[in-house]
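Only one structure is covered here, and it is reproduced in the block below.
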Amino acid sequence: RAADDVRRRFGRLDVLINNAAIHYDTGSRALQADWTVIRKAFETNVFGAWRVAAAFAPLLGAGGHGRLVHVSSEGGSLASMGAGAPAYSTSKATLNALTRVLAAELRGSGVLVNAICPGWVATDMGGPGGRPVAQGAAGIVWAATLPDDGPTGGFFRDGKGLPW
């Protein structure tokens, strides 16, 4: 319904920021998985973002220079992943994979698709002691305002590439 409303009112969408995350399950282990937590994490962290991206992709392409930004986490990086937080880390790794797939599918449409890790940010989920929200958001704004020849299909924090 939201995509239909944007289509009727504006005919296009310039920027879509998919920022959803639940279940930072640091005390959990994959071999003693709470499947309810894992399912909920994937529903929000992957399937919700995927559905929203699919619904809005035609509108992002309509203007010829759309930006799709997935707010991810270095916790989803295979290069640094270890034990702990299995629901969160595997769902964010899947979101990173989706970023690559969507970037390839939208290549040539003018839509740039990237995943951004804001770092540990002092939010309700992140808790106290993290980066200020404005500092974490700066990388997201960077990705949302990339020039037309900017990167697509990448994983970044503070405008610098991260290993997948």
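Bear in mind that the values in this text are calculations on the coordinates, not laboratory data. This one's a predicted model, so the numbers in the text were calculated from it and none came from an experiment. Positions of Cβ are generated from backbone atoms using ideal geometry, with glycine treated the same way; all protein chains shown enter the neighbour counts.
Report the residue count in the range 72-93 for those that are crowded, with 16+ Cβ neighbours inside 10 Å and farther than 19 Å from PHE56 by Cβ.
Here is the first cut: in the range 72-93, the residues crowded, with 16+ Cβ neighbours inside 10 Å are 72-77, 81, 85-93.
Pick out the ones that are also farther than 19 Å from PHE56 by Cβ and you get 73-77, 81, 85-93.
Count: 15.
Can you name the condition, by its number, that GLY66 falls short on among (1) out of contact with any Leu (no Cβ under 7 Å at 6 or more places or on another chain); (2) of a type in the set (Gly, Ala, Ser); (3) within 22 Å of CYS117 (Cβ to Cβ)?
(1)
Which residues, taken from the range 96-119, are outside any helix (DSSP H, G or I) and of a type in the set (Gly, Ala, Ser)?
First, the residues of the range 96-119 that are outside any helix (DSSP H, G or I): 107-119.
Matches in the range 96-119: GLY108, SER109, GLY110, ALA115, GLY119.
Step by step: first the residues of the range 39-63, then only those that are within 21 Å of VAL141 (Cβ to Cβ) and not aliphatic (A, V, I, L, M), then the one that is surrounded by the fewest Cβ atoms within 10 Å (Cβ to Cβ). Which residue is that?
Looking at the filtered set, the residue picked out is GLY63.
Taking the range 27-38, which residues are small (Gly, Ala, Ser) and surrounded by fewer than 16 Cβ atoms within 10 Å (Cβ to Cβ)?
Initial filter on the range 27-38 (small (Gly, Ala, Ser)): 27-28, 30, 33.
Within the range 27-38, GLY27, ALA30, ALA33 qualify.
Kindly indicate whether ARG67 is surrounded by fewer than 14 Cβ atoms within 10 Å (Cβ to Cβ) and either within 15 Å of the chain's Cα centre (by Cα) or among the charged types (D, E, K, R) (or both).
Values: surrounded by fewer than 14 Cβ atoms within 10 Å (Cβ to Cβ): no; either within 15 Å of the chain's Cα centre (by Cα) or among the charged types (D, E, K, R) (or both): yes.
For ARG67, the condition - surrounded by fewer than 14 Cβ atoms within 10 Å (Cβ to Cβ) and either within 15 Å of the chain's Cα centre (by Cα) or among the charged types (D, E, K, R) (or both) - is not met.
Within the range 142-151, take every residue that is more than 13 Å from the chain's Cα centre (by Cα) and surrounded by 13 or more Cβ atoms within 10 Å (Cβ to Cβ) and give me the one that is nearest to ASP14 (Cα to Cα). Step through it out loud before you land on a result.
Applying the first criterion (more than 13 Å from the chain's Cα centre (by Cα)) to the range 142-151 yields 142, 145-151.
Next cut, surrounded by 13 or more Cβ atoms within 10 Å (Cβ to Cβ) only: 142, 146, 150-151.
Numbers: TRP142: 14, LEU146: 11, GLY150: 15, PRO151: 16 Å.
This residue is LEU146.
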